[in-house]
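K.L.:
Encoded as structure tokens, here's the structure I'll be asking about.
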């Protein structure tokens, strides 16, 4: 986040800063992040010994990700994926001293994408002297690992972590990748129903089309985002971190530090994967506020009653510093895009896309909310409110290229 804001301000103040300047900004941002740990001290939720066998058992479920990780690291074709050439167009402009970059497919026009993600890849490419596709792949794997880490911490906060570390790891994978829970079943049923009419084998019938009942095929699997040349994994990382902070706040930890960390997470997502950041900006603060009003109203009163003037000043100054450059960055990117966001023009399509994808999770969600609402009202209320508001946003909003699917 420090890199994004500092780099963007530098790109506006200095005409075409060279890649060397981006390297200096990255090192300074890294030092700044390390120094900030003196203020944002970690809050361990689990104490005591953690036997080595628990650690080993906890790693076993994650082996299911190993084939994809190996393919990503060993194949340039997988690293480039569907959008690699498009992203490289921005990265090499920044490597050659053009920042902000021009539109990769329309030279002379401004960039209409979240190009600070490309600035980060370009900077790491220069520092480590490594091809951009491999840098992006490594960054995606790191984002995957950290996202799983934050989800695991959320489970501990909610009291849902099992004593068996193997089961907790299975929960973690299920939460991150279970959107299309019956994708494999859809493939099998599609093959069985069409066996008399299709000459292809079962393996040949495994396609994105056959893994869904209907709706947007990009909703089939979130895993593809981590194996794609994209800023989406960074957006997911920031989202899971923000969700962790949201659960902490909903459980009574409404502090200036958590507010600032939440603002950092949202602004970071806006910088590196704007669509995810927009979702977070609209949904997460509102969900926290509503859940606190329902379950822990006294927490809000206590915060404003006990806040010190120095902390209040830090929050009042810190949030504009985070969001003013970010807002300008998003405004320029949105202004360069000829298409516009619409509201309510594809409600039926959006609604059915969601239902086609998440229908197996609906009964599980109701059962979970019923099972835990008495014991864990604060966390359950927050997650329910965030889910409802997120679905409403995904149904009502129509982004360019139907990108509202990323809100689901």
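The values are calculated or read from the model by the stated rules, or taken from the named source; none is laboratory data. Quick caveat, the model's predicted, so the values are computed rather than measured. Quick reminder, even Gly has a Cβ in these numbers, built from the backbone with ideal geometry, and neighbours come from all protein chains shown.
K.L.:
List every residue pair whose Cβ atoms sit under 8 Å apart, with the two residues 6 or more apart in sequence or on different chains, where the first one lies in region 319-345 and is over 16 Å from residue 2 (Cα atoms) and the second, anywhere, is modelled with pLDDT under 75 and surrounded by 13 or more Cβ atoms within 10 Å (Cβ to Cβ).
P.N.:
Close Cβ pairs satisfying both conditions: 337/400; 339/400; 340/400; 341/400.
K.L.:
Related question: Give me the helices (runs of 4 or more DSSP H) completely within region 28-134, filtered to those with at least 2 residues that are within 30 Å of residue 14 (Cβ to Cβ), ordered by residue number. Spell out the reasoning first.
P.N.:
Values: elements: 52-59, 66-74, 76-80, 84-95, 116-128.
Those helices (runs of 4 or more DSSP H) span 84-95, 116-128.
K.L.:
For region 100-122, give me the residue count where each residue is at pLDDT 90 or above and either within 18 Å of residue 3 (Cβ to Cβ) or within 24 Å of the chain's Cα centre (by Cα) (or both).
P.N.:
Number of matching residues: 10.
The rows are residues; the columns are (1) part of a loop (DSSP other than H, G, I, E, B); (2) under 30 Å from residue 348 (Cα atoms); (3) touching a helix residue (DSSP H, G or I) at 6+ places or on another chain (Cβ under 9 Å); (4) modelled with pLDDT of 75 or more.
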| position | (1), (2), (3), (4) |
| --- | --- |
| 188 | no, yes, no, yes |
| 191 | no, yes, no, yes |
| 196 | yes, no, no, no |
| 199 | yes, no, no, no |
| 202 | yes, no, yes, no |
| 206 | yes, yes, yes, no |
| 212 | yes, yes, yes, yes |
| 221 | yes, yes, yes, yes |
| 229 | yes, no, yes, yes |
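K.L.:
Just the residues that are within 20 Å of residue 261 (Cβ to Cβ) and in contact with a helix residue (DSSP H, G or I) (Cβ under 6 Å, 6 or more places away or on another chain), please, taken from region 1-32.
P.N.:
1, 2, 3, 4, 5, 6, 29, 32, listed by residue number.
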